[in-house]
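Have a look at the structure below, then the notes.
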């Protein structure tokens, strides 16, 4: 057997010395890079000596900011000899504003108490200031409102429809939207009767930034000005008529615009993109994501989705638009150390490397510039700033929201509640599911306008001697007159029987088709904690065909709520998609209050 030589033994110390030296050099490089930043020393959140900060960001940029926080925490970066551990959660801007104004409750509001807030626009900071002025505990956000990124609000239109209006050469404004949406011939007046009536999607301005910005823009368009709105403008009869008429063209409202895009992608995949919506008011950035095959904005799907057959184009209204500035502000609850840590993370996000990541997702950079690739994607000119309008002051913003509450399109809603025996099961909070659902439904009635029409149905399986599995508890009537009856009827509900989901949904849908009101949003809201248990009607495919809203002039939307862990969210998503609406996830029963608010924001 061969033996090692003495020469090899003499070389071993030399090899060890070289390896040790290389480790030292590499270690020194990692500890202090040539650019002066510290190297990776593990995740700052796992260390006990870093300043902890919690940031709440708006939905459309929330996932990217989560990723940036993770990257930041791994760099070993320091400020004034200290380190920061950054966590990011996301909430719609309107909901976050309400949470901050009311005193953030992690359980109620679904995220930790933030020290930093980054809404989609400074409009929400103005509204927060206005809200605080009328309370004993005003929230004052001081300091600079530096943008993380920017994105204007646009009219996103299927390209053939935009071209029918003269895009890209013609100037298209809100007056064109008003004229077309109020024309009984609809798209027939532009040579395309096969497209039906002009209908557009718009978010609820109390919850969504694009909805708020669109509402502000509509008021400006009504006055013909781009700045200096005054209180008298909001109550001017001509302005009110203009706004009411524009709102009359709304398909339905939503709490976030991505729900419209998800429905549009669904019909586009079926080759029927022109049958759903004529325009959606949203951020320019979301047009890019849709055209890249990612209508929901899911970061995990970026670059992997199916691109639409009919792309959207971003129409910049000629009467101006609001540029959403995505400010980053430190809240009064932050300590001095947290303020310093927050400032360092903002500096990190505004560096060129991180700004490129925002741009890749379709945003403009922090200075409002749109690069050529994204300009081609959304059909907008690169490098040029769109015509913008000034943000009104806090007091005018509040009056605009009050005005919208009066002028918005009214709704005709059937509230359909599951009262099967499983609703007697208990939730984590100790209430039964029936008790939690009743409480949420009664509270949600306050969100509706007195002129909205509401009916109450309940369903299980047919009681002995009954021919149908559902019961009409309160007929359709204006909530201003029947709220007491609705509240009493909901409060008296008791669980029994099985779940006759399909039959009830079909008949509720058909009931609203029979009583369809073209001047209202016509919708069914169905809450169930189970799956269909009714053998006489167990054909899901037939139900989906019956609900298909694609070519209907009288479309009734089915908004569904999956309540409790035994509910079948997948089936409810199919039902809602067929009617071009949305399903909501309340499989954690303790979220039902929040989910009901989201559902009723569609009206």
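When both bridge partners sit in the chain, DSSP labels roughly 40% of those beta bridges antiparallel.
When you restrict to C-alpha pairs under 8 Å that are six or more residues apart and normalise by the size of segment 50-190, the relative contact order lands at 21 percent. Using a cutoff of 8 angstrom between alpha carbon atoms and counting only pairs six or more residues apart, the relative contact order for the chain works out to 14 percent. Seen from every direction in turn and averaged, the convex hull around the alpha carbons of segment 325-463 projects onto 16.2 nm².
Just to verify a number: FRET efficiency for residue 183 and residue 351, C-beta to C-beta distance, R0 = 51 Å, to 0.05?
Details: r = 50 Å, r/R0 = 0.98.
My answer for the efficiency is 0.55.
Fewest neighbouring Cβ atoms within 10 Å first, the residues 253, 534 line up as 534, 253. The modelled label-to-label distance between residue 306 and residue 496, using points 7 Å beyond Cα along the C-beta direction, is 4.7 nm. Distance from the Cα centroid of segment 312-354 to that of segment 85-121 is 15 Å (rounded to whole angstrom). Considering only beta bridges that DSSP places wholly inside segment 410-600, some 25 percent are antiparallel. Contact order, relative form, for segment 327-470: 15 percent (alpha carbon pairs under 8 Å, 6 or more residues apart, mean separation divided by residue count).
Histogrammed with a bin width of 10 Å, the alpha carbon distances of segment 77-130 distribute as 21, 46, 22, 11 percent, first bin at zero.
Over the chain, the ratio between the Cα radius of gyration and 2.2 N^0.38 Å evaluates to 1.09. Please label the shape of segment 410-600 as rounded, prolate or oblate, based on the square roots a ≥ b ≥ c of the eigenvalues of the alpha-carbon gyration tensor (a/c under 1.5 means rounded; beyond that, a/b larger than b/c means prolate, else oblate). In terms of gyration-tensor shape, rounded. Here the sum of -39500 (n - 2.57) over DSSP H runs of 4 or more residues, divided by the residues of the chain, equals -12000 deg cm²/dmol at 222 nm, to the nearest 500.
The DSSP beta bridges internal to segment 37-195 are antiparallel in roughly 10% of cases.
Here the Kirkwood formula puts the hydrodynamic radius of segment 99-140 at 11.1 Å, using every distinct Cα pair.
A short reminder: the numbers here are calculations on the coordinates, not readings from a lab. Treat the numbers as computed from the prediction; the structure is a model and nothing was measured. Neighbour counts run over all protein chains shown; Cβ positions are idealised from the backbone, glycine included.
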